[in-house]
Amino acid sequence: MVKMKESWQSQFAEHHALEVELPKVETKEIRDRGADSPVWLHFGGGNLYRGMHAEIAQDLIDENELNAGVVVLETFDDEVIDKAYKNYNNNILQVVMSEDGTLHKRLLASTSEAIYANPTNRGSWKRIQQYFESPVLQFATFTITEKGYHLTTTEGKLLPIIEQDMQKGPEEPQHTMSIVVSLLYARFKAGQLPIAMVTTDNFSKNGEKLQNSVLTIAHAWKEKGHVPNKFINYLTDIEKVTFPWSMIDRITPNPSESILKRLTDLGFDDLEIFYTRKGTNVAPFVNTEEIHYLVIEDAFPNGRPNLAKGGVILTDRETVDKIDVMKVTTCLNPLHTALAVFGSILRFDSIAREMRDPELKKLIEKIGYTEGLPVVADPEIISPREFIDEVVNTRLPNPAIPDTPQRIATDTSQKLAIRFGETINKYVLHNDKSAKDLTFIPLVLAGWLRYLLAVDDAGKAFVPSPDPLLDEMQQKLESVKLGESTDNLEKILHPILSNDRIFGIDLYKADIADKVISYFNELIAGPGAVRATLKKYLA
Ligand SMILES: NC(=O)c1ccc[n+]([C@@H]2O[C@H](COP(=O)([O-])OP(=O)(O)OC[C@H]3O[C@@H](n4cnc5c(N)ncnc54)[C@H](O)[C@@H]3O)[C@@H](O)[C@H]2O)c1
Ligand SMILES: O=P(O)(O)OC[C@@H](O)[C@@H](O)[C@H](O)[C@H](O)CO
C-alpha cells in the first residue's frame, strides 16, 4: 500500500512493490533550496505542468543538472494549490499510458513549493517578490491556457479587471498578466536582473503574445506614472528580459476515473480526483502519454540548466515557430478541436473511440492532410507528414489515453483563430489558392455553431464545456432551434462570422461565411442532421 500523503523516502519497499520509479537522488535539500531561492518558477500548476515540466525538472535533478526544485505559482485557481500540492507534499505521481495498456508510474519530487500568487495572499506575496528579486532565478515557464494572456474582450475592449489593474499600478495586480508585470517590476528594482519568461501554452508565436501583454500593461503603468520609462527599457532589452517562443506537445487528459481505479486497485491508498469550483480537474496523479516534444527558443539571458538533458530541444526562433505552426495550426490541434466539437454533439466520451468512427476519422484526415499540410512550412527538424501520421495513426487512436472531446472543447472560442484561422489566412493570401477551396475547415466552424446550441444529434440537451464566450454566443444564437428553419440565419450569424478575434479573420472577407452558413443550415435541419451531413461530405 502506498500513501501519497506520506514521504516517499519512508516507503521505498511499498513503491518498489508497486513498480514506481523513484527519484535517483535524495531530494530534500534540493527542494528546500528551491523553496528558498528557486532557479525555475512555473505559472499555472495544472495537469500539463504536473505531467511534463515536473518530469523535465526531475530528469535534471536526477542528472545533477538542477540543484533547486521548481516553485509553482498559481494565479487563478487557489484550490489547485491546497488540493493537489499541499495535501500531497508537492509530490506528483506521473502515470504514462502506453498503447498496450501498461501504466508506467514515476514519482516526481521536483516541485519545492506551490503558492497562490496574488497580493491578497499577503505573506506569500512578499516571498514571491523575493524570488523575483533573486539573481539565482533564471527563468519562469507558463501553462495558464490561451485565455490567460488576453487583456481584451472579443470587441477589443480592455477587460474590466485589466482596466482596474492599469489604474491601480503594480501594488495590487489581479489579472495574471498584471501579476507577472508587477513581479518583473520587483526584479527591475532589485538591479535590473536578467530573466527568461517562457510561455509553453498552445498557440503560435506564444512568446510574442506574452511579451505584448506584458508591455501593454507596463506602458499603461508608465503613462499613469506608476513605473519609470527605464522599466520599459528593461523589458525590451534582450540582454535582460526575453520571451522565448516554444512548442509543447503531450496529450495530457484530465485525471481519469478509470486510471484512479486502476491505481487504487494496485494499492495506492489515498488518491482522489478534485473538481475545483473554477473548473480545474486535478489529482495527486497525472495521466499522460509517452510521446512528447518541448521545443524552446534558446534565449535565456540569466543562463539555464542543461534542459536538453530533460529532453528539451533548444533552437532558434524561426525553427520553433515552424514547428509550433505545424503542430498547433495543422497536424494536431485543429484535428483535436474537430473531434471535440463533433464528438460532443454525437455524445462520444472518448477520443480514441471517435477515431474508430469512419466519418470522424476521415474528417480529421481531410482537415490535416488535404487542407492543412499543403500550406504549412516544413520545420525540417521534424517532418510534418511523419508528425501527422503519428498523431492520426498512433496517438489519437491509443485506447489507453482517457482523453475526451469535452476536455478539448473547453474554451473553443479562444482556439479557433489559432487552430483554423491561420490556415484560412494562408489560403486567402496564396497566389494559387483561395479559401473557397476549403470544405472541411468551414464544416468544423459550422459544427462549432451547432455545438453552441447545446443539443446533441438526437435532439437532447447537453452541457457544453466551459468557455468564456459561451453565454455571449448562446445569446446571439438563441433564436436558432434544431429542426426549425429560419429565414434570417445570415442576419443572426453575421456578427459572429465577421468577428476576426474569434476566427483570426473576418470570414466574410475570406469569402467562406456563406459556406459556413450553408453547412450550419444543414446541421440544424433536425435530429440526425449532424450525422447525415458528415456522411454527405465524407462518405
Ligand atoms: N493538457 C494538454 O494536453 C496540453 C498539451 C500541450 C499544451 N497544453 C497547454 O497547457 C494549457 C494548460 O493545460 P493543462 O492540461 O494544464 O490544463 P488544466 O485544466 O489542468 O490546468 C489549467 C491551468 O491554467 C490555469 N488557468 C486557467 N485559466 C486561467 C486564467 N484565465 N488565467 C490564469 N491561469 C489560468 C489553471 O489555474 C491551471 O493552473 C493548455 O491550455 C494549453 O495551452 C496542454
Ligand atoms: O490544452 P488546450 O485546451 O489548449 O487544448 C486541448 C488539446 O487540444 C491540447 O491540450 C492537446 O492535448 C495538446 O496540445 C497536445 O499537445
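I'd like to check which helices (runs of 4 or more DSSP H) are fully inside the range 258-375 and have at least 3 residues that are surrounded by fewer than 22 Cβ atoms within 10 Å (Cβ to Cβ).
Counting at least 3 such residues, we get 317-326, 358-365.
I need a count of the residues in the range 447-493 that are of a type in the set (D, E, K, R) and in a helix (DSSP H, G or I).
Number of matching residues: 6.
Please find, among 485, 465, 434, the residue that is small (Gly, Ala, Ser) and within 16 Å of ligand 2 (Cβ to nearest atom).
465
Please go through the range 137-178 and give me each residue that is open to solvent by 40 Å² or more (accessible area, probe 1.4 Å) and of a type in the set (Val, Ile, Thr), ordered by number.
145, 152, 153, 161
Which members of the range 135-156 meet the condition of being more than 9 Å from ligand 1 (Cβ to nearest atom) and not charged (D, E, K, R)?
135, 136, 137, 138, 139, 140, 141, 151, 152, 153, 154, 156
Among the residues of the range 510-539 satisfying the criterion of being open to solvent by 60 Å² or more (accessible area, probe 1.4 Å) and outside any helix (DSSP H, G or I), which is farthest from residue 485 (Cα to Cα)?
Checked the range 510-539; the qualifying residue farthest from residue 485 (Cα to Cα) is 539.
Okay, residues lined up against (1) touching a His at 6+ places or on another chain (Cβ under 7 Å); (2) touching a residue at least 24 places away in the same chain (Cβ under 8 Å); (3) among the small types (Gly, Ala, Ser); (4) in a loop (DSSP other than H, G, I, E, B):
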{"residue": "5", "(1), (2), (3), (4)": "no, yes, no, yes"}
{"residue": "32", "(1), (2), (3), (4)": "no, yes, no, no"}
{"residue": "35", "(1), (2), (3), (4)": "no, yes, yes, no"}
{"residue": "81", "(1), (2), (3), (4)": "no, yes, no, no"}
{"residue": "86", "(1), (2), (3), (4)": "no, yes, no, no"}
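I'm checking my understanding of the structure. Among residues of the range 204-223 that are open to solvent by 10 Å² or more (accessible area, probe 1.4 Å) and not charged (D, E, K, R), which one is nearest to ligand 1 (Cβ to nearest atom)?
204
Within the range 224-246, can you find the residues that are closer than 18 Å to residue 190 by Cβ and open to solvent by less than 70 Å² (accessible area, probe 1.4 Å)?
226, 227, 228, 231, 232, 234, 235, 237, 240, 241, 242
Would the range 498-509 turn up any residue that is in contact with a strand residue (DSSP E or B) (Cβ under 8 Å, 6 or more places away or on another chain) and assigned to a loop (DSSP other than H, G, I, E, B)?
There is no residue in the range 498-509 that is in contact with a strand residue (DSSP E or B) (Cβ under 8 Å, 6 or more places away or on another chain) and assigned to a loop (DSSP other than H, G, I, E, B).
Does residue 125 meet the test of being buried (at least 21 other Cβ atoms within 10 Å of the Cβ) and away from ligand 1 (no atom under 16 Å from the Cβ)?
When the stated conditions are applied, residue 125 does not pass them.
Filter the range 61-79 for residues that are in a helix (DSSP H, G or I) and surrounded by 24 or more Cβ atoms within 10 Å (Cβ to Cβ) and give the result.
61
Can you tell me which residues in the range 432-446 are surrounded by fewer than 16 Cβ atoms within 10 Å (Cβ to Cβ) and not in a helix (DSSP H, G or I)?
Passing the criteria: 432, 433, 434.
Could you list all residues from the range 400-431 that are away from ligand 2 (no atom under 16 Å from the Cβ) and either in a loop (DSSP other than H, G, I, E, B) or in contact with a Lys or Arg (Cβ under 9 Å, 6 or more places away or on another chain) (or both)?
Answer for the range 400-431, where residues must be away from ligand 2 (no atom under 16 Å from the Cβ) and either in a loop (DSSP other than H, G, I, E, B) or in contact with a Lys or Arg (Cβ under 9 Å, 6 or more places away or on another chain) (or both): 426, 427, 428, 430, 431.
The values are calculated or read from the model by the stated rules, or taken from the named source; none is laboratory data. Worth saying up front: this structure is predicted, and the values here are computed from it rather than measured. As a convention, Cβ positions derive from the backbone with ideal geometry for all residues, glycine included, and neighbour counts pool all protein chains shown. Side chains included, ligands, DNA and RNA excluded: accessible areas come from the protein's heavy atoms. Shrake-Rupley method; radii C 1.70, N 1.55, O 1.52, S 1.80 Å.
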